[in-house]
1. Just give me the residues in region 236-261 being open to solvent by less than 30 Å² (accessible area, probe 1.4 Å), part of a loop (DSSP other than H, G, I, E, B) and farther than 24 Å from residue 65 by Cα, in sequence order.
2. Out of 31, 65, 89, which single residue is modelled with pLDDT of 90 or more, of a type outside the set (Ser, Thr, Tyr), part of a helix (DSSP H, G or I) and surrounded by 16 or more Cβ atoms within 10 Å (Cβ to Cβ)?
3. Report yes if some residue within region 201-221 is open to solvent by less than 30 Å² (accessible area, probe 1.4 Å), under 30 Å from residue 54 (Cβ atoms) and modelled with pLDDT of 85 or more; otherwise report no.
4. Only one of (1) over 14 Å from residue 123 (Cα atoms); (2) open to solvent by 60 Å² or more (accessible area, probe 1.4 Å) fails for residue 38. Which number is that?
5. Picking from 264, 230, 270, which residue would you name as being modelled with pLDDT of 90 or more, within 22 Å of residue 29 (Cα to Cα) and surrounded by 14 or more Cβ atoms within 10 Å (Cβ to Cβ)?
Amino acid sequence: MIVSLAFDRARETAYARDLARAFGGALLFGLPLLMTMEMWWLGFVLEPWRLAVFLLAALPLLFGLAFYAGFSASHRGIGHALLDTLVALAVGFLTAAAALTLIGVFEPAAPPRQITGQLLLQAVAGAMGALLAGRQLSGGNGDEDVGDEDEASYPGELFLMVAGALFLALNMAPTEEMILIAYRMSAGHVVALMAVSLILMHALVYSVGFPGQEAHDRPLGAFAHYTLPGYALVLLVSLYVLWVFGRTDGHGLAETVDAMVVLGFPGAIGAAAARLLV
């Protein structure tokens with residue numbers, strides 16, 4: 001009985017440490033968005049159905065992150081991943097509420113819809129940070145298991161690339177600069193940015209070394225197997241995030257494509273470095 005109590009105490013202590021780390025990860029990842037004026041404004045003006053789509057689309061992403069890199073190093077499996085997803089969302093909401101209150105963003109007379117929208121946008125980012133806390137805040141402790149990404153299948157690797165792209169793109173998509181840069185770029189700039197994005201992405205993918213990449217003895221194999229599909233997913237992620245934040249409204253196809261390529265530049269870096277970030 002004494003041994004059992006000691007074991008439970010140790011497990012609870014470890015989980016409390018993981019939970020504290022999750023709050024730190026939520027703050028670390030969410031802080032740039034928490035202090036971005038566009039995010040405060042978007043939380044008020046975005047339609048409720050668009051916010052609902054954002055939350056519903058975030059749930060499978062958060063579940064995948066919980067499965068591969070959940071903040072609790074001592075629990076693995078689908079059931080624990082689901083629990084980690086719910087806990088991470090709660091951490092995201094609590095962190096966003098505390099931070100936005102502390103910096104005076106919440107207005108005393110603000111309608112509930114405004115507060116809910118602001119919290120929802122920030123909470124998803126905070127939940128991602130909470131789930132990535134084991135990777136980002138482990139201090140490089142090599143004997144601590146912070147994720148199962150090494151066991152990811154090829155679809156799992158592509159999922160991690162999507163998560164890595166969103167990790168960086170989400171911090172930049174709400175800003176006006178993405179649209180301004182796209183507006184100022186010529187067709188030649190767009191093509192050059194796509195080429196540079198692919199080159200940098202491939203260099204990182206090939207140097208990081210995804211599992212199964214050893215089957216490709218030449219860089220062209222990894223380019224066809226990881227870089228091209230990964231960049232296509234990056235562009236889709238960019239389009240989705242731009243749409244969520246209303247950055248595609250009122251813009252034609254050419255302007256939307258330009259903005260996708262601009263946001264796809266940091267997204268490609270995030271996707272290629274996914275195994276370092278996630």
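The values are calculated or read from the model by the stated rules, or taken from the named source; none is laboratory data. Predicted model only: the values in this text are computed from it and were never measured. Note that each Cβ is placed from the backbone with ideal geometry, even for glycine, and that neighbours are counted across all protein chains shown. Just the protein is used for accessible areas: all its heavy atoms, side chains included, with ligands, DNA and RNA removed. Shrake-Rupley method; radii C 1.70, N 1.55, O 1.52, S 1.80 Å.
1. 246, 247, 248
2. 89
3. Scanning region 201-221, I find at least one residue that is open to solvent by less than 30 Å² (accessible area, probe 1.4 Å), under 30 Å from residue 54 (Cβ atoms) and modelled with pLDDT of 85 or more, so the answer is yes.
4. (2)
5. 264
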